[in-house]
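**Q** Okay, handing you the structure first.
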Amino acid sequence: MRRIARALVEDPDPPVVPGRMWALGLYKSVVLVLFMLRQNPVQEVAAELFGISQATVSRRWTALLPVVEKVLACHVPDPAEASAGRIVLVDGTLVTTWDWASEGTALFSGKHRDTGFNLQVAATLAGDLLAVSAPVPGSRHHMHAWRQSHFPDAFAEREGVGDLGYTGSGLLIPRRKPPGQERSTGDKVANRSVNRLRAAVEWAIAHLKDWKIFATRYRGPLTRFVLVTKTVTALAFCKKGW
């Protein structure tokens with residue numbers, strides 16, 4: 001995390017950072033933003049650890065998060081190019097949020113019995129991240145999120161694998177159980193093979209959620225979650241050396 005912070009501060013053409021950095025300094029301010037993404041603490045805890053006020057944490061977070069995303073955006077590969085010659089594994093994950101009354105039931109996922117955003121994640125058979133979609137409300141199923149994402153176009157020429165939530169997507173999915181019947185031995189063998197392949201995208205999601213702002217409940221304004229998603233995605237690729 002400190003290596004990334006140092007690279008951000010030493011960028012030869014850094015974007016203009018609004019506001020003053022005197023209370024903490026630019027380097028430590030960047031470390032603070034990365035710490036917030038990595039551990040997702042409440043701002044009062046971060047303030048105590050960094051020896052500043054909660055208001056300063058809030059200002060640094062607001063001012064520097066878009067700067068970090070902009071500097072690291074060059075590390076995010078084009079998914080069509082990154083997936084060339086590869087089989088693409090796709091799965092969705094729910095990033096939980098507060099249950100905002102103003103959103104009604106839009107964020108509520110019936111599958112997970114919780115509120116949040118649905119993110120689509122693509123990975124290789126080795127579990128390497130290929131792409132992360134823009135978030136959609138958690139009430140939307142995987143097929144809706146798939147169609148709303150850039151994945152269908154980016155992976156149009158690739159062989160892909162998904163779960164039963166991607167029926168109709170053109171991806172290879174497990175075979176459904178026939179109505180009123182048991183799956184045949186051949187179907188069971190085929191499904192085990194598909195599920196073994198799909199394990200790699202679950203690893204990719206697990207690594208993505210090393211950034212705890214994805215693994216624990218997101219408490220910030222919902223309007224900033226797209227920016228958070230872009231930033232964490234860029235950090236994940238930067239860490240991998242893209």
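**Q** Please label the shape of segment 59-172 as rounded, prolate or oblate, based on the square roots a ≥ b ≥ c of the eigenvalues of the alpha-carbon gyration tensor (a/c under 1.5 means rounded; beyond that, a/b larger than b/c means prolate, else oblate).
**A** In terms of gyration-tensor shape, oblate.
**Q** Whenever you get a sec, line up His207, His75 from highest to lowest accessible area (probe 1.4 Å, protein heavy atoms).
**A** His207, His75
**Q** Same structure again: Is any helix in the chain, taking whole DSSP H runs, at least 24 angstrom long along its axis by alpha carbon and on average at least -1.0 on the Kyte-Doolittle scale, and which ones?
**A** Those that pass (Cα extent of 24 Å or more, hydropathy at least -1.0) are 54-72, 185-208.
**Q** Counting pairs of alpha carbon atoms under 8 Å apart in space and at least six apart in sequence, what relative contact order in percent does segment 90-210 give?
**A** In percent, rounded to a whole number, it is 25.
**Q** Relative contact order of the chain: what whole-number percent is it, with Cα pairs under 8 angstrom and at least 6 residues apart?
**A** 23
**Q** For labels at Met143 and Lys239 in the simple 7 Å Cα→Cβ model, what's the distance in nm?
**A** Label at Met143, label at Lys239, 3.4 nm between them.
**Q** First measure r as the distance between the Cβ atoms of Leu125 and Trp98, then evaluate 1/(1 + (r/R0)^6) with R0 = 41 Å and state the FRET efficiency to the nearest 0.05. Spell out each step's value before the answer.
**A** On the way: r = 36 Å, r/R0 = 0.88.
With a Förster radius of 41 Å, E is 0.70.
**Q** Given springs between every Cα pair under 10 Å in a Gaussian network model of the chain, which of Val71, Val136, Val201 has the largest fluctuation?
**A** Looking only at Val71, Val136, Val201, the biggest GNM fluctuation is shown by Val71.
**Q** Nearest 0.05, what FRET efficiency do Asn195 and His112 give at R0 = 25 Å with Cβ-Cβ as r?
**A** With a Förster radius of 25 Å, E is 0.80.
**Q** Could you give the accessible area per residue of the chain, probe 1.4 Å, as a whole number in Å²?
**A** That works out to 52 Å² per residue.
**Q** Right, here's the next one. Which peptide among 39-46, 115-122 comes first, and what is the full order, when sorted by highest mean count of other Cβ atoms within 10 Å?
**A** 115-122, 39-46
**Q** Return a whole-number percent for the relative contact order of segment 156-209, with Cα pairs under 8 Å and 6 or more residues apart as the contact set.
**A** The normalised contact order for segment 156-209 reaches 28 percent.
**Q** Also: Leaving out ligands, DNA and RNA, what percent of the accessible area of the chain is carbon and sulfur, probe 1.4 Å?
**A** 53
**Q** Tell me, in nm to one decimal, what length is gained between Asp153 and Lys70 on full extension, where the rule is 0.36 nm per residue of separation less the Cα-Cα distance?
**A** Difference between extended and current length: 27.5 nm.
**Q** With every protein chain left in place and a probe of 1.4 Å, what is the accessible surface of Arg59, to the nearest 10 Å²?
**A** Accessible area of Arg59: about 130 Å².
**Q** I want to check a number: in the chain, how many lysine pairs have alpha carbons closer than 18 Å, given a sequence separation of 8 or more or different chains?
**A** Qualifying lysine pairs in the chain: 12.
**Q** Something else about it: More than 23 angstrom separation, counting every C-alpha pair in the chain; what % is that?
**A** Values: 15797 of 29161 pairs.
Pairs farther apart than 23 Å: 54 percent.
**Q** Taking the highest mean first, how do the peptides 96-103, 218-225 order by number of other beta carbon atoms within 10 angstrom per residue?
**A** The packing order, highest mean first, is 218-225, 96-103.
The values are calculated or read from the model by the stated rules, or taken from the named source; none is laboratory data. All figures in this text were calculated on a predicted structure; none of them were measured in a lab. With ideal geometry, Cβ positions are generated from the backbone for all residues, glycine too; neighbour counts draw on all protein chains shown. Note: areas computed on protein heavy atoms with side chains; ligands, DNA, RNA excluded. Shrake-Rupley method; radii C 1.70, N 1.55, O 1.52, S 1.80 Å.
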